[in-house]
């Protein structure tokens with residue numbers, strides 16, 4: 001017999017990315033949401049984990065849905081930055097969040113010389129009150145890959161009207 005669904009918490013109505021009849025409470029210890037609109041991970045990891053009121057999003061490469069590993073959305077750093085951020089926005093959207101929920105990002109660059117061009121594209125997604133950010137050198141080599149971006153967001157999903 002299947003376990004009964006846990007009782008609905010204070011956010012107990014609306015979209016359900018976790019297969020239960022409620023959204024997880026902000027105090028839930030850990031949940032890995034189903035993201036049917038997002039491309040599957042390229043390896044043995046989750047695109048995101050919701051834990052204790054936050055969403056931890058794995059580094060997103062500049063890949064579009066349906067593309068194969070190594071088929072990057074654009075050849076240049078600006079296009080790859082925009083696509084990586086679109087992938088983060090897609091995950092947040094499926095959780096009924098927005099980029100305004102992001103409190104921290106880490107940008108991984110292959111070539112530090114791309115920093116200025118990345119920065120120009122990055123600020124399009126965070127025009128006001130950008131999140132805290134770190135930038136580091138990307139330590140994996142994949143032909144054509146210039147960037148990957150991870151994010152942490154506050155988990156306060158919008159409710160259905």
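The values are calculated or read from the model by the stated rules, or taken from the named source; none is laboratory data. The model shown is predicted, which means the values in this text are computed figures rather than measured ones. Positions of Cβ are generated from backbone atoms using ideal geometry, with glycine treated the same way; all protein chains shown enter the neighbour counts.
Within region 109-116, is there a residue that is closer than 27 Å to residue 34 by Cβ and part of a loop (DSSP other than H, G, I, E, B)?
So far as region 109-116 goes, no, none of its residues is closer than 27 Å to residue 34 by Cβ and part of a loop (DSSP other than H, G, I, E, B).
Residues being in contact with a strand residue (DSSP E or B) (Cβ under 8 Å, 6 or more places away or on another chain), in a loop (DSSP other than H, G, I, E, B) and modelled with pLDDT under 95: count how many of those fall in region 117-138.
So the answer is 1.
Mind checking which pairs have a first residue in region 127-139 that is without any contact (Cβ under 8 Å) to a residue 60 or more places away in the chain and at positive phi and a second that is assigned to a loop (DSSP other than H, G, I, E, B) and surrounded by fewer than 13 Cβ atoms within 10 Å (Cβ to Cβ), Cβ under 6 Å, 6 or more apart or different chains?
Within 6 Å, no pair qualifies.
From the list 101, 46, 84, which one is touching a strand residue (DSSP E or B) at 6+ places or on another chain (Cβ under 9 Å) and modelled with pLDDT under 95?
Just one listed residue meets the conditions, 46.
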